[in-house]
Amino acid sequence: MTEVLPGVLVLTVAAVVALWLTISRGGVVASAAAVQRAVWVAAIAIAAQAGHFVEEVTTGFHERLPAAFGLPPLSLRFFVSFNLAWLGIWALSAWGLARRRHVALFPLWFLGIAGVANGLLHPLLALDAGGYFPGLATSLLVAAVGALLLARLSRVTA
């Protein structure tokens, strides 16, 4: 299981920050129109992340990321299951945001933070690899939409 360690560290930091934002920012307090705009941005962020996942899975991210740290590859089954589970959680969270559910905020904060992290880490991995690294092509789009989602969530929370 040590092959998941580098990714787990980044995701753990993102989760801790998302939890802090969920608790410190409070619930959804914005107008219905502002919430609806945030839901649309969340939907776009989920779609961008789905595209990013497709790029990663088809270009061997689950093998290349661990290899960059001298670790064995992730199982394709684990990588696909993990990503599909999060896409489902994010879709449910967008639905929850539309209904002003506070619990829906944690996964969406996490999505925004992870998106921005993708935009930073994939180019760094490509620089280290001396060329393309799986996920690079969509990482900047995911980062931009992630930043927009973070801004929208900030506007709709207390």
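Every number in this text was worked out from the coordinates using simple rules, so none of it is lab data. Please read all numbers here as calculations on a predicted model, not as lab measurements. When we count neighbours, we look across all protein chains shown, and the Cβ atoms used for this are built from the backbone with ideal geometry, even at glycine.
Considering only the range 88-130, state which residues are surrounded by 15 or more Cβ atoms within 10 Å (Cβ to Cβ), touching a residue at least 40 places away in the same chain (Cβ under 8 Å), among the aliphatic types (A, V, I, L, M) and within 26 Å of Thr59 (Cβ to Cβ).
Those that are surrounded by 15 or more Cβ atoms within 10 Å (Cβ to Cβ), touching a residue at least 40 places away in the same chain (Cβ under 8 Å), among the aliphatic types (A, V, I, L, M) and within 26 Å of Thr59 (Cβ to Cβ): Ala91, Leu111, Ile113, Ala114, Ala117, Leu121, Leu125.
Being hydroxyl-bearing (Ser, Thr, Tyr) and buried (at least 16 other Cβ atoms within 10 Å of the Cβ) is the filter here; which residues of the range 37-64 pass it?
Thr59
Name the residues in the range 58-81 that are more than 20 Å from Leu124 (Cα to Cα) and of a type in the set (Gly, Ala, Ser), would you?
Selection gives Ser75, Ser81.
Given (1) assigned to a helix (DSSP H, G or I); (2) loosely packed, with under 14 Cβ neighbours inside 10 Å; (3) of a type in the set (Ser, Thr, Tyr), where does Ser139 come up short, assuming only one miss?
Failing condition for Ser139: (2).
Of everything in the range 14-24 that's more than 13 Å from Ala104 (Cα to Cα) and in contact (Cβ under 8 Å) with a residue 12 or more places away in the chain, which residue is surrounded by the fewest Cβ atoms within 10 Å (Cβ to Cβ)?
That would be Val17.
Kindly indicate whether Thr157 is in contact with a helix residue (DSSP H, G or I) (Cβ under 6 Å, 6 or more places away or on another chain), under 14 Å from Thr22 (Cα atoms) and surrounded by 19 or more Cβ atoms within 10 Å (Cβ to Cβ).
For Thr157, the condition - in contact with a helix residue (DSSP H, G or I) (Cβ under 6 Å, 6 or more places away or on another chain), under 14 Å from Thr22 (Cα atoms) and surrounded by 19 or more Cβ atoms within 10 Å (Cβ to Cβ) - is met.
Which pairs have Cβ atoms under 7 Å, sit 6 or more apart or on different chains, and link a residue in the range 49-63 that is free of Cβ contacts under 8 Å to residues at least 60 places away in the same chain to one that is crowded, with 17+ Cβ neighbours inside 10 Å and of a type in the set (S, T, N, Q)?
From the range 49-63, the pairs are Phe53/Asn83.
Going through Ser31, Ser75, Ser81 one at a time, which residue ends up being surrounded by fewer than 21 Cβ atoms within 10 Å (Cβ to Cβ), among the polar types (S, T, N, Q), without any contact (Cβ under 8 Å) to a residue 12 or more places away in the chain and touching a helix residue (DSSP H, G or I) at 6+ places or on another chain (Cβ under 9 Å)?
Ser31
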